[in-house]
Amino acid sequence: MVSHLPDEWLRWLRGRCALKGILEGLSINCVFDVGANRGQFGTILRHLGYRGWIISFEPVQANLEALQAVAAAAQPWRVFPYALGANDGYSKINVTQVTEFSSFLVPRQESQIKFPGNHVARTEEVEIRRLDSVFDVCMEGIPSPRIYVKLDTQGFDLEVARGAESTLNKVLALQTEICFRPIYNGMSGFADSISHFRARGFEVVDFVPISNDPDDLCAVEMDCVMARKIR
C-alpha cells in the first residue's frame, strides 16, 4: 500500500507558504477571519509568525466559546459573536457533526457520503451582520490597517461579500473557498465566485487545494487567493 502522507504534507506546506508569502509581501497587519470556527486559521497565522491584528467572526455558540479562549491567549485578536452576510438579521444555521461543515445551506446528500461529518446535528438561531455595517466597530483603535480577508463560510462566501461592498475597497488581498463539485444545495460555482471578486478589482494569485476525489480524478474544494490589481 502506498502512503498518501507525503502528498498531504506537501499540500499542507504549500498552503502555508502561499499564505506567509502574501502576508509578508503586502505587509498585512489586519486579518479578517470570517467563519473562524474554533480559531484554527488564527492559530496558523500565529505559527507562521504573524503578529498583527486578527478580527474573527463566529456565530455557533460552542465554537465561539472555544474561539474566545484561543484568542485570549494570542492577542491582539478580537472576536465577534455573529455571522456575516448580505443583510442584517437572524437566521438558522445548520450545525453539523464536524462543526467545520456548519452552514446556512443544506448539505447535498452525496457530500454527506464523501464527508461523513457533514450531517446536520442541530440548528441554531444566530445573528447575521453586514461587514459594511460593523467595519468601524471592528477597526476601532487599529491605525493604518492593511487588510487581508479570509472567507470560509461553507458556501456563503458571496453573501458575505455582498454585505461588504464598501469594505472590499479597503482590502488588499483575500482568500475565498471555491467548489468544483458542490457540497451544499444552492451554493455558487467556482466561476461565479472568481468573477465576483475580479469585478471588484482582485486577480487570482494562487489556488491552494483543500480536498479532492482521487477516484473520480476531480478537485472538490480549493482556497482561491486573490490580490487587488495594481494600476
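The values are calculated or read from the model by the stated rules, or taken from the named source; none is laboratory data. Small disclaimer: the values here were computed from a predicted structure and weren't measured. Neighbour counts run over all protein chains shown; Cβ positions are idealised from the backbone, glycine included.
Look at P76 and say whether it is under 24 Å from A164 (Cα atoms) and free of Cβ contacts under 8 Å to residues at least 12 places away in the same chain.
Answer is no for this residue.
Spot the failing condition for V137; the list is (1) β-branched (V, I, T); (2) surrounded by fewer than 16 Cβ atoms within 10 Å (Cβ to Cβ); (3) outside any helix (DSSP H, G or I), and only one is missed.
Condition not satisfied by V137: (3).
Looking at this structure, is G163 touching a strand residue (DSSP E or B) at 6+ places or on another chain (Cβ under 8 Å) and either surrounded by fewer than 20 Cβ atoms within 10 Å (Cβ to Cβ) or over 12 Å from M226 (Cβ atoms) (or both)?
Yes, satisfied.
Being of a type in the set (S, T, Y), more than 30 Å from N29 (Cβ to Cβ) and touching a helix residue (DSSP H, G or I) at 6+ places or on another chain (Cβ under 9 Å) narrows it down to one residue among S56, S111; which is it?
S111
Return yes or no: is A62 closer than 30 Å to E165 by Cβ, at pLDDT 95 or above and assigned to a helix (DSSP H, G or I)?
no
Can you find, within region 35-58, the residue that is farthest from the chain's Cα centre (by Cα) among those that are of a type in the set (A, V, I, L, M, F, W, C), farther than 15 Å from G21 by Cα and surrounded by fewer than 24 Cβ atoms within 10 Å (Cβ to Cβ)?
Going through the qualifying residues, I end up with W53.
Taking the stated definitions as given, is I142 buried (at least 21 other Cβ atoms within 10 Å of the Cβ) and among the β-branched types (V, I, T)?
Spelling it out, it is not the case that I142 is buried (at least 21 other Cβ atoms within 10 Å of the Cβ) and among the β-branched types (V, I, T).
Can you tell me which residues in region 166-184 are surrounded by fewer than 18 Cβ atoms within 10 Å (Cβ to Cβ) and either in a strand (DSSP E or B) or at pLDDT 95 or above (or both)?
Answer for region 166-184, where residues must be surrounded by fewer than 18 Cβ atoms within 10 Å (Cβ to Cβ) and either in a strand (DSSP E or B) or at pLDDT 95 or above (or both): S166, N169, K170.
For the subset of region 29-58 comprising residues that are of a type in the set (A, V, I, L, M, F, W, C) and in a loop (DSSP other than H, G, I, E, B), which member is nearest to T96 (Cα to Cα)?
The extreme case among them is A36.
Does at least one position in region 211-222 carry a residue that is touching a Phe, Trp or Tyr at 6+ places or on another chain (Cβ under 8 Å), farther than 21 Å from A18 by Cα, in a strand (DSSP E or B) and touching a residue at least 12 places away in the same chain (Cβ under 8 Å)?
yes
Scan region 65-108 for residues that are touching a Cys at 6+ places or on another chain (Cβ under 8 Å) and either part of a helix (DSSP H, G or I) or among the basic types (K, R) (or both) and jot them down.
R78
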